[in-house]
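Everything below concerns the one structure shown next.
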Amino acid sequence: MSSQTQTNTRIVTSLPLFELESYAQNYTGRNAVDRLLFIADRCPALAVDALILAIASLKQTAEVSRYEDAVERLHAIAPHDPRATADAGWVEAVTKATRSTGDKLELELKSYKNNLIKESIRMGNSELGDFYLSIGDLASASKFYSRQREYCTTHKHIEDMSIDMIRVAVYQQNWSQVETAMSRVDALPSKNPDIDPYLKAVRGLWALAQGNFAVAASTFLTVPVESLTQSAAAAAAAAPAASSAAKSRHKPTYTITEFVTVNDVAVIIGLCSLASYDRNALKDLLDNNANCKEFLQSEAHIRTLLDSFVLFDYKSIFSGLEKHKADYLLDIWLADHVEKLFDRIRENCYTQYVRGYQRGYLDKMAARFGVSPKQVEKDLIALIESEKVPVRLDLENKYFLFKSADERADVYDHVMTIAHDFERNGRLLLVNIGVLRGGLEINAKPESSGFELKKKALM
């Protein structure tokens, strides 16, 4: 993913629970390199190891520019490491090979344009997009993929072009382009059902990027677990071919796991559900959603967090979140949303707790949450001011009152409304009787704005 799109960079000082080399083996291709470089950016303690692994992975690709950048960064923090010097022979050989391939593809596309063969021109642009993607030039890849559009003659062509553009846009974290391309696929009267899991996973990432956690959770829950496990096997098998894409015409295989694994999805579902769902919805999810159960098998700590919420064990929730916080902050998709997710989860837990009491004491609440009474008081004040919890706080006696609906006031308002209507109707009847007794006639003329009163002639 493009480092230029990363904002609000937060340095992670504590070490994550995962072992870096084992973590990196869960990913392949660009995804593995992106995550390693992301960890190097965010966690100084792991920067050297992450850069060494990234450099080794980049030498299996044709991305010379990123390789040189990674070597330069390693040299800045570990100048005496033998891997902090670029392999000039490899750089020269790969640069020569990619330049030759690029020139050849450009000449072929020019020939296609001269012959005015639309299908050949479309394929030429697609191949150049694949080529630039393989060497890490995402901007050029996006440009050539988008040029296919005017040469698409079937729905299948539009679908293929859109998937190409989605892939590059996700790597760039260009979510507006992702949304546009997904809308184009959705508008097709028919599409390949095999790409549905891929699109659902991308739509889940898009929702997460927008901070729409409820939609992210519900969308990822529709992604079949088997599609992720099958994609992992396919991605591993395709990795050798993908690494030589700059030298061949091999079309890169599109798999969900180029962005997320089963474990990643389980964590996203768990955190987004804790931040968005109430207890009943979460209990129903754990009891009745088979797909959710399968995902949670890969991340036991997420299942523990969700069970703790259902069982009102808030202290375990917050201790568990803090324990794995470094892991979340080093995830390329979650990192920029961790603080917001934690705030939402805290609000959700506070809301659930106060709804269980007419009157609750702050010291007992603090014990349940594993924080100080002062912290509970501060959090409740913030939530009350933002109108997120319906309670009144007595700071002198250190308790809160849940503001439930006042049924007596509702009945009183209803009775007064009936009395008012009765009085109004009675007055109108009296006016009508007075009009009849006075021998008056009320005519409403369509062209006039009022009424005309006429005196009947008395015989």
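The values are calculated or read from the model by the stated rules, or taken from the named source; none is laboratory data. Please read all numbers here as calculations on a predicted model, not as lab measurements. Positions of Cβ are backbone-derived with ideal geometry, glycine not excepted, and every protein chain shown enters the neighbour counts. Only protein heavy atoms, including side chains, enter the accessible area calculation; ligands, DNA and RNA are left aside. Shrake-Rupley method; radii C 1.70, N 1.55, O 1.52, S 1.80 Å.
List of remarks:
- Mean-position separation - Cα centroids, region 163-224 and region 85-113, in angstrom: 32 Å
- With every protein chain in place, region 281-417: carbon and sulfur % of accessible area (1.4 Å): 50 percent
- Share of carbon and sulfur in the accessible heavy-atom surface of region 29-143 [1.4 Å probe, %]: 54 percent
- Between the helical axis of 225-243 and the longest alpha-carbon principal axis of the chain there is an angle of about 30 degrees.
- Based on DSSP H segments of at least four residues, each scored -39500 (n - 2.57), the chain has a per-residue ellipticity at 222 nm of -20500 deg cm²/dmol.
- If only the Cβ of Lys and Arg carry +1 and only the Cβ of Asp and Glu carry -1, the dipole of region 192-347 around its Cα centre is close to 320 debye.
- Exceeding the 21 Å Cα-Cα cut-off - candidates K59/K96; K96/K118; K364/K398: K96/K118
- Ranking V376, F38, H155 by Cα position along the charge dipole of the chain, where only Lys, Arg, Asp and Glu carry charges on their C-beta atoms, puts H155 farthest toward the positive end.
- Dipole in debye (nearest 20) - the chain, about Cα centre, beta carbon charges: Lys, Arg +1; Asp, Glu -1: 1140 debye
- Region 192-347 shape via C-alpha gyration tensor axes, a/c threshold 1.5: prolate
- Normalised per residue, the accessible area of the chain is 53 Å², obtained with a 1.4 Å probe and no contribution from ligands, DNA or RNA.
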